[in-house]
Each structure stands twice: as C-alpha cells, then as structure tokens.
Amino acid sequence: MSGGDAARTVAGQARPACAESASPEGHLDEALRRAFWQSLNRAPLPAMSALEVAARVVGALYRQVAQAHEGPNGCRCGWEPDPDCDLIVLEAHLAAALMQPPEPDLAHMAVLGRA
Ligand SMILES: [Zn+2]
C-alpha cells in the first residue's frame with residue numbers, strides 16, 4: 001500500500017453500518033478490534049497498558065512486514081520500507097483515529113454476537 005492510499009483511507013473512509021465489512025481494510029480493522037476486545041474480556045488490563053500493547057504490536061508488525069520486503073526472496077510489490085517516513089504516516093493515522101468522534105462500538109457488538 002502506498003502512502004497515498006493510506007492517507008485516502010484515513011480521510012475519506014465511511015465505516016459500514018453493520019459488522020460485515022466489504023473492503024480488505026474493513027476486514028482487517030474488524031479482526032484486530034475483535035481480537036483486542038476478546039483478549040481484554042478474558043484478561044482485563046489497565047486502559048493504557050492495553051493500548052500500549054496494541055501500539056507495540058503495530059510496531060512489531062511493521063518490522064515483520066518490512067522484513068518480508070527485504071532480500072532476493074522478498075515481496076515484489078514495490079513497497080520499500082522507510083521507517084522514518086512510514087512512522088510519520090502511522091502517527092498521522094493514530095492521531096486521526098484519536099480525534100474522531102466516538103462511534104457505535106461495533107467491536108463489542110461483534111464479540112457479543114459471536115461469543
Ligand atoms: Zn509487498
């Protein structure tokens with residue numbers, strides 16, 4: 001995914017009203033939220049501890065995805081990891097999500113619906 005795609009997703013995406021998401025981004029969004037809430041339901045954590053874990057996981061995922069693009073056997077999609085620039089993009093997404101008005105808690109509903 002290019003930086004342009006990411007920026008467009010943050011700026012313009014309207015979330016689907018139901019738990020079924022049409023786009024690949026929507027599927028991943030839903031899966032991550034569900035995993036987060038399911039884990040906290042099983043093993044509660046202080047709020048910031050839980051969010052710090054989530055942030056560390058995003059950093060670890062970045063490292064893994066970047067690693068998958070290195071070397072002769074790496075992914076050939078054309079993306080070249082640039083940790084400095086990519087971190088700015090990720091921080092912008094984090095900030096944008098923080099500033100969004102609260103939305104109906106789809107994650108909780110999804111968890112309850114499938115428990
Ligand atoms: Zn790739």
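Read-outs: derived from the displayed coordinates by stated rules, not from any lab. Predicted model only: the values in this text are computed from it and were never measured. Here the Cβ positions follow ideal geometry from the backbone for every residue, glycine too, while neighbour counts run over all protein chains shown.
Okay, here's what the table says:
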| item | result |
| --- | --- |
| Least to most buried among Ser39, Ser49 (fewest other Cβ within 10 Å first) | Ser49, Ser39 |
| Dipole-positive endmost among Leu28, Val53, Leu40 within region 21-70 (Cβ charges, Cα centre) | Leu40 |
| Potential lengthening between His93 and Ala31 on full extension [0.36 nm per residue; Cα-Cα distance subtracted] | 20.5 nm |
